[in-house]
Amino acid sequence: MSGPPGHPAGTASRGDGTRGIPQLDRLIARNTAFTLLGRFAYVAGWILIAPFMVAGLGAERFGLWSLLTVVSGVYLTFDFGLQSALTKFVAEFHATGDRASLRGIFTLGILLYGGLSLAFFLAIAALREPLLGFFRVAPGLHAEAAWALVGAAAVYGVMNFYMLLSSVLSGLQRLDLWNRIAIATTLLQILGVAIVISLGGGLRWLVVNTGISMALAALWCRWSVRRLAPEIRFELPVAVPGLMRRLTRYGAALQIINLGGLVQFQLDKVLFGRFVSLTASGDYELGYRVASALWSLPALLLPALLPAVAHLDASADHARITRLYLRASRYVIGVAFPLATGIIVLSPVLFTAWLGPGHPDAARAAIALGALMGVNILTGVGGSVARGVGRPGLEAEYHVLAILLHFALSLSLIPRLGFTGGLWALFLSGAVGSIYFLVRFHLSQRIPLGRYVLEVLARPAAAAALGGLAGHSVSLWAVWSLVPEGRAQGIARLVAGGVALIGVAAAVLMASRYVSLSEVRAIVGPAGGRPREAAG
């Protein structure tokens, strides 16, 4: 049930401009839990369906399908930062009860997203032949690829409206509801993929399947927004002075951030298709799917922070924002460092367990991505805080640096070293940018970096190193030679190595009192208990 108009659902109202703050810890915990659940459903579904897709489509068609997913990345990247901007401003205006601004930001979002979707569709339709030539698509696949490319442009336009509405739900701090919708959409889409592949439908019908699922998800999201906050509606003209200027200034920095994310994780896949082969693009896609799937746990601790920080910033509670940053960093880094180490040391056996022997390049891609993500997570909580307080430019700076360095390294190394060169370009550019942001953010927020390293980074780094050593050693034990070679042996080695890594890393973190069980219980305890502050 939704709360009174202008107030987050299920929270109390106070007369000091800090509506709902005593229950903010409950909102963060609930939203994070459902975000993790939604991502788990997505990851589990695609892990199960991927081998079926590879076998049904073949290596070259699967590589082409992986390149079609870049279209969705382009749509989500070149949105002028609307996705995060809508979340930030909806959270702010909802906290202050500003209904006119809520209607204004929603109307501007629809107009801008609609214009962008149409422009991208027309551009891709006009450039489809040069694009297919750039990727050296075989003549036998040309007609199917051309149709799928234009179809994907239309489908991802529908996805834009789905993401707009999901951003509104996030701003209302109802990530739980959005992730219920996302889970149902994922299950529907994966079921459709299985049917399409079974019937030999190919790329065309895979695109159609995605379009149907996105359209249904968008309709469900719109119904949910109207039920929770009927004051959020499309209304012309937009009668809120200065709103467009605020949105444009904030969105410009987020546009750079989005572009940085696209370049960071998709540039080399595109260049592999140009300079190496479509099969290399498919290998990178498999490595990326594995690394990003495993990375869901630490990464999805972040989305609930943006609306929470925006809420606190609207209440001018800046000291509490700093406490929230340090606490959230402990949780995120405590999970991220051991997980990154696990991706690095166990990717070879993971791919054997998943797809069978014979995928060394996919495993190498996952290792490089795991190493990069282990460094890049240092920007995660700080980036969410910077966006929440209205300073996304701090994050944009490091992305500009990383983009320039990534292009220079990739265009230099891939033609010379092939697949290996691209992986080195990926890691080096991302690591340099991430470290730059960490230093820049701490200086701007006047948070001592030395304290952060000692209190937040040191113990998870030790736990990751010891856990990784244990996991790698256990996965290499000679006893696994008694298990038949192939996927069975890979599964045995993966499970044993993973258990050893997690067990040792968790033991080190608990023994060093990095995070106590009482602290965790204080956050996720019964909602009816005494309210506790999320930020410390």
Pairs with Cβ under 6 Å, 6+ apart, first in the stretch 119-143 and of a type in the set (Phe, Trp, Tyr), second open to solvent by 40 Å² or more (accessible area, probe 1.4 Å): Phe121/Ala154
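Which count do you get for residues in the stretch 383-433 that are over 26 Å from Phe275 (Cβ atoms) and part of a helix (DSSP H, G or I)?
Total meeting the criteria: 12.
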Filter result (in a helix (DSSP H, G or I) and within 20 Å of Gly97 (Cα to Cα)) within the stretch 306-347: Leu306, Pro307, Ala308, Val309, Ala310, His311, Leu312, Asp313, Ala314
Top-ranked residue of the stretch 317-372 - restricted to ones that are of a type outside the set (Gly, Ala, Ser), at pLDDT 90 or above and in contact with a Ser or Thr (Cβ under 8 Å, 6 or more places away or on another chain), ranked as most open to solvent (accessible area, probe 1.4 Å): Arg364
Conditions (1) more than 29 Å from His359 (Cα to Cα); (2) within 23 Å of the chain's Cα centre (by Cα); (3) open to solvent by less than 60 Å² (accessible area, probe 1.4 Å): number failed by Ala425: (1)
Residues within the stretch 117-141 that are within 14 Å of Arg61 (Cα to Cα), part of a helix (DSSP H, G or I) and open to solvent by 60 Å² or more (accessible area, probe 1.4 Å), tallied: 2
Count of residues meeting criterion [buried (at least 21 other Cβ atoms within 10 Å of the Cβ) and either over 23 Å from the mean Cα position of the chain (by Cα) or assigned to a loop (DSSP other than H, G, I, E, B) (or both)] in the stretch 434-451: 0
Output for the stretch 252-277, where each listed residue is over 30 Å from Ala59 (Cα atoms) and crowded, with 22+ Cβ neighbours inside 10 Å: Ala253, Leu254, Ile257
Near pairs, Cβ below 7 angstrom, 6+ apart or cross-chain, from the stretch 476-494 (open to solvent by 50 Å² or more (accessible area, probe 1.4 Å)) to any residue that is part of a loop (DSSP other than H, G, I, E, B): Arg487/Gly356
Any hit, the stretch 284-304, residues being touching a Gly at 6+ places or on another chain (Cβ under 7 Å), part of a helix (DSSP H, G or I) and among the β-branched types (Val, Ile, Thr): no
For Phe89: the one exception among (1) closer than 20 Å to Ala218 by Cα; (2) touching a Gly at 6+ places or on another chain (Cβ under 9 Å); (3) buried (at least 22 other Cβ atoms within 10 Å of the Cβ); (4) of a type in the set (Phe, Trp, Tyr): (1)
When residues of the stretch 148-201 are limited to those that are polar (S, T, N, Q) and farther than 16 Å from Lys88 by Cα, the one surrounded by the fewest Cβ atoms within 10 Å (Cβ to Cβ): Ser198
Residues of the stretch 167-193 classified as closer than 26 Å to Gly81 by Cβ and among the hydrophobic types (A, V, I, L, M, F, W, C), total: 8
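The values are calculated or read from the model by the stated rules, or taken from the named source; none is laboratory data. Just so it is clear, the model here is predicted, and its values are computed rather than measured. Please note: Cβ atoms are built from the backbone with ideal geometry, for glycine as well, and neighbour counts cover all protein chains shown. In case anyone asks, the SASA skips ligands and DNA or RNA and just uses the protein heavy atoms, side chains included. Shrake-Rupley method; radii C 1.70, N 1.55, O 1.52, S 1.80 Å.
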